[in-house]
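Down below is the structure, laid out as structure tokens.
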Amino acid sequence: MALLHTDFFSTVLGMSMNMDVILPQQTWGQIGMEGKGAEGRVKTMYLLHGMSDDHTIWQRRTSIERYASRLGIAVVMPTTHLGFYTDTAYGMRYWTFISRELPKICREFFPQMSTAREDTLAAGLSMGGYGAWKLGLGAGDTFGAAASLSGALDIVEDYRNNMKAGMEDNPNAAVFRGIFTSEEALAGSDNDLMALAERLAEGRESLPRLYAWCGTEDFLYQGNLKAWEHVKKLGYDVTCEESAGDHQWKYWDEKIQDVLRWWLGTDMDLQ
């Protein structure tokens with residue numbers, strides 16, 4: 001595999017941005033690792049970070065490069081700061097960046113990446129799990145599948161919970177208000193995954209495949225159960241899994257392997 005640290009300019013955000021990109025490379029002779037080369041256009045996973053992290057975190061906390069090397073896929077890991085993959089109330093257009101500009105930039109930089117929606121996956125953890133499902137539901141012309149690990153899938157309830165303590169006692173309250181403005185503005189908007197899923201299903205458009213995992217001790221567990229039941233009733237092809245666990249990397253390192261197997265339809269051991 002090749003690992004590229006990429007600095008580039010975002011016209012949408014008006015600032016320089018960063019991403020780490022893994023590209024397939026056929027290799028022999030590496031100690032303890034064999035790389036699978038690309039055959040034709042390359043399937044691509046956009047792998048999103050959580051609230052406290054950036055584009056480097058999946059490299060630092062998991063063996064994602066080793067997993068991808070077995071499969072011959074590309075992995076794009078962008079930074080999006082603490083913006084919840086949303087065009088924020090304070091004017092930063094992170095949703096437009098992640099859903100439109102970034103795929104275009106990646107396909108220009110790396111033309112071997114497939115442009116087919118069925119070859120393009122959005123995945124992420126926590127805030128990134130929210131962003132991944134949002135890409136699947138809101139940018140389905142690009143992303144044919146979306147996977148959430150411990151995702152903030154019931155964003156309206158998360159907003160409400162963060163407002164309870166008030167801004168003085170909970171710094172996240174100011175963050176949520178700066179992004180979403182108010183609960184009234186958030187509920188029913190395209191930032192509300194429940195409402196977004198309903199509108200997409202009503203339109204009878206091509207629905208994304210969805211995957212989700214959450215630990216039963218995770219503070220986002222109840223919100224996941226609500227979201228899972230909601231999309232099931234709407235007729236989505238959704239795989240929902242739960243197991244013992246809370247909000248930490250030892251679970252996400254394991255479960256991102258399950259995500260890759262689910263997406264690609266393989267039972268390959270990625271270790």
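Observations on the model:
- Per the listing 124, 83, the residue uniquely in contact (Cβ under 8 Å) with a residue 12 or more places away in the chain, farther than 24 Å from residue 24 by Cα and either of a type outside the set (A, V, I, L, M, F, W, C) or not in a loop (DSSP other than H, G, I, E, B) (or both) is 83.
- Residues located in region 178-187, provided they are surrounded by fewer than 18 Cβ atoms within 10 Å (Cβ to Cβ) and part of a helix (DSSP H, G or I): 178, 183, 184, 185
- Taken as a whole, region 17-26 holds at least one residue that is free of Cβ contacts under 8 Å to residues at least 24 places away in the same chain and touching a Gly at 6+ places or on another chain (Cβ under 8 Å).
- Of the set (1) in contact with a Ser or Thr (Cβ under 7 Å, 6 or more places away or on another chain); (2) under 30 Å from residue 235 (Cβ atoms); (3) of a type in the set (A, V, I, L, M), all apply to residue 145 but (1).
- Single residue of region 171-184 satisfying the filter (out of contact with any helix residue (DSSP H, G or I) (no Cβ under 7 Å at 6 or more places or on another chain), touching a residue at least 12 places away in the same chain (Cβ under 8 Å) and not hydroxyl-bearing (Ser, Thr, Tyr)) that is nearest to residue 86 (Cα to Cα): 179
- A single entry from 267, 169, 190 fulfils the requirement of being modelled with pLDDT of 95 or more, outside any helix (DSSP H, G or I) and of a type in the set (Asp, Glu): 190.
- Within region 188-227, restricting attention to residues that are open to solvent by 20 Å² or more (accessible area, probe 1.4 Å) and among the hydroxyl-bearing types (Ser, Thr, Tyr), the residue that is nearest to residue 152 (Cα to Cα) is 221.
- Number of the condition not met by residue 261 [criteria: (1) in contact with a Ser or Thr (Cβ under 7 Å, 6 or more places away or on another chain); (2) farther than 12 Å from residue 149 by Cβ]: (1)
- Verdict on residue 88 being open to solvent by 30 Å² or more (accessible area, probe 1.4 Å) and touching a residue at least 40 places away in the same chain (Cβ under 8 Å): no
- The single condition from (1) assigned to a helix (DSSP H, G or I); (2) in contact with a strand residue (DSSP E or B) (Cβ under 7 Å, 6 or more places away or on another chain) that residue 75 fails is (1).
- Criterion violated by residue 216 - all others in (1) farther than 24 Å from residue 99 by Cα; (2) β-branched (Val, Ile, Thr); (3) at pLDDT below 95 satisfied: (3)
- Scanning region 26-72 for residues that are in a strand (DSSP E or B) and among the aromatic types (Phe, Trp, Tyr) turns up just one, 46.
- Being part of a strand (DSSP E or B), touching a residue at least 60 places away in the same chain (Cβ under 8 Å) and more than 24 Å from residue 56 (Cβ to Cβ) holds for only one residue in 212, 197, and it is 212.
- Residue in region 200-209 that is nearest to the chain's Cα centre (by Cα), counting only those that are outside any loop (DSSP other than H, G, I, E, B) and farther than 16 Å from residue 151 by Cβ: 200
- Restricting 115, 56, 120 to those that are at pLDDT 95 or above, open to solvent by 20 Å² or more (accessible area, probe 1.4 Å) and touching a Lys or Arg at 6+ places or on another chain (Cβ under 8 Å) reduces the list to 115.
- When restricted to residues that are closer than 17 Å to residue 255 by Cβ and part of a loop (DSSP other than H, G, I, E, B), region 220-239 contains 1.
The values are calculated or read from the model by the stated rules, or taken from the named source; none is laboratory data. In this text, all values refer to a predicted model and were calculated from it rather than measured experimentally. Heads up, the Cβs are rebuilt from the backbone with ideal geometry, glycines too, and the neighbour counts pull from every protein chain shown. Quick note on the areas: whole protein, heavy atoms, side chains included, nothing else; ligands and nucleic acids left out. Shrake-Rupley method; radii C 1.70, N 1.55, O 1.52, S 1.80 Å.
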